[in-house]
1. Only residues that are part of a loop (DSSP other than H, G, I, E, B), hydrophobic (A, V, I, L, M, F, W, C) and surrounded by 11 or more Cβ atoms within 10 Å (Cβ to Cβ): list them for segment 95-120, please.
2. Taking segment 201-226 as the region of interest, how many residues are open to solvent by 60 Å² or more (accessible area, probe 1.4 Å), farther than 30 Å from Ser108 by Cβ and either in contact (Cβ under 8 Å) with a residue 12 or more places away in the chain or of a type in the set (Gly, Ala, Ser) (or both)?
3. Can you find a residue in segment 193-200 that is open to solvent by 30 Å² or more (accessible area, probe 1.4 Å), among the aliphatic types (A, V, I, L, M), over 18 Å from the mean Cα position of the chain (by Cα) and over 18 Å from Ala41 (Cα atoms)?
4. Only residues that are touching a residue at least 40 places away in the same chain (Cβ under 8 Å) and of a type in the set (D, E, K, R): list them for segment 67-122, please.
5. Quick check on segment 121-131: of everything there that is more than 23 Å from Cys158 (Cβ to Cβ) and not in a loop (DSSP other than H, G, I, E, B), which residue is least open to solvent (accessible area, probe 1.4 Å)?
6. List the residue pairs whose Cβ atoms are under 9 Å apart, where the first residue sits in segment 41-52 and is assigned to a helix (DSSP H, G or I), the second is of a type in the set (S, T, N, Q) and at pLDDT 95 or above, and the two are 6 or more positions apart or on different chains.
7. Which of the following residues is assigned to a strand (DSSP E or B) and open to solvent by 30 Å² or more (accessible area, probe 1.4 Å): Glu156, Glu144, Glu187, Glu152?
8. Looking at segment 48-100, which of its residues are over 22 Å from Leu191 (Cα atoms), charged (D, E, K, R) and at pLDDT 95 or above?
Amino acid sequence: MKFKSFGRRLMAVITAAVILMSLTACGESDPVAGEDYILAARAAYVELDSARVDVVNDNTGESEQIFIYKYDEVGMMTYSYYAVSGDTVIAQYNNGYEQYTEENGVVSYLDTGDASFTSYTKDVPYPLADEGLIVFYKKAVNTETSYIATNELAIEVCHYYDILKLSGVDTADGMTGFKVLYYFDGEGNFLFLREVTEVTNDDGSITEYSYSIYITEQNEVGTVPNFIDITKVETEDEGEAV
């Protein structure tokens with residue numbers, strides 16, 4: 001299922017767009033600032049058996065996207081996704097055999113017998129469980145302005161991106177700047193990242209959107225919750241709860 005656009009506010013979080021491009025760090029150029037730390041964090045993330053991901057609006061402190069997943073003993077993924085932007089709310093639960101999707105109060109159901117049903121595994125993960133969650137598109141990083149700052153307690157890496165080199169990003173929406181800040185502890189373990197998007201409005205004013213992505217409950221998720229009231233499932237023919 002393809003969810004409707006959330007509009008400009010979640011357009012600022014371009015993670016989902018770049019994930020679908022399966023971004024990798026190309027080895028054709030010299031290393032960029034902090035590359036080793038970022039690649040190690042991406043490699044460690046895909047090895048997790050379970051985790052919770054929160055995309056937090058830094059202006060409000062609220063989680064606008066939540067993704068919780070867990071693989072079973074054969075590598076089948078169960079996941080739950082929830083997102084909110086203004087009046088738009090969507091959620092999805094998939095355990096590899098059946099899927100519930102809710103959009104603005106309307107709940108639909110699919111199972112393995114439906115042609116459009118998709119299950120995910122350790123080998124074929126849901127995009128938010130893949131390494132692309134930790135954004136890194138080497139070819140688009142401006143190496144002259146990017147930097148790494150370190151001390152005994154923490155490491156900060158900042159990548160400024162050339163948005164014209166970010167495939168799939170629609171600059172017609174007014175995006176004029178994008179940077180990612182990555183934070184690690186003093187030993188190089190990943191803590192979180194922050195995506196900051198600059199948008200130039202029609203009147204020439206500039207709005208900055210900042211979202212932080214946290215990966216918690218690593219290998220500690222017990223049961224994946226279902227955010228959807230499954231009693232509200234509607235049939236295609238009748239449009240009524242079953």
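The values are calculated or read from the model by the stated rules, or taken from the named source; none is laboratory data. Fair warning: this is a prediction, and the values are worked out from it, not measured in the lab. Glycine gets a Cβ as well: all are built from the backbone with ideal geometry, and neighbour counts include every protein chain shown. We work out accessible area using only protein heavy atoms, side chains counted, and drop any ligands, DNA or RNA first. Shrake-Rupley method; radii C 1.70, N 1.55, O 1.52, S 1.80 Å.
1. Passing the criteria: only Phe117.
2. Counting residues in segment 201-226 that are open to solvent by 60 Å² or more (accessible area, probe 1.4 Å), farther than 30 Å from Ser108 by Cβ and either in contact (Cβ under 8 Å) with a residue 12 or more places away in the chain or of a type in the set (Gly, Ala, Ser) (or both) gives 6.
3. Checking segment 193-200: not a single residue is open to solvent by 30 Å² or more (accessible area, probe 1.4 Å), among the aliphatic types (A, V, I, L, M), over 18 Å from the mean Cα position of the chain (by Cα) and over 18 Å from Ala41 (Cα atoms).
4. The answer is Lys70, Glu102, Glu103, Lys122.
5. Filtering segment 121-131 for residues that are more than 23 Å from Cys158 (Cβ to Cβ) and not in a loop (DSSP other than H, G, I, E, B), the one least open to solvent (accessible area, probe 1.4 Å) comes out as Ala129.
6. Ala41/Asn189; Ala44/Asn189; Ala44/Gln218; Tyr45/Gln218
7. On inspection, the qualifying residue turns out to be Glu156.
8. Answer for segment 48-100, where residues must be over 22 Å from Leu191 (Cα atoms), charged (D, E, K, R) and at pLDDT 95 or above: Asp72, Glu73, Glu98.
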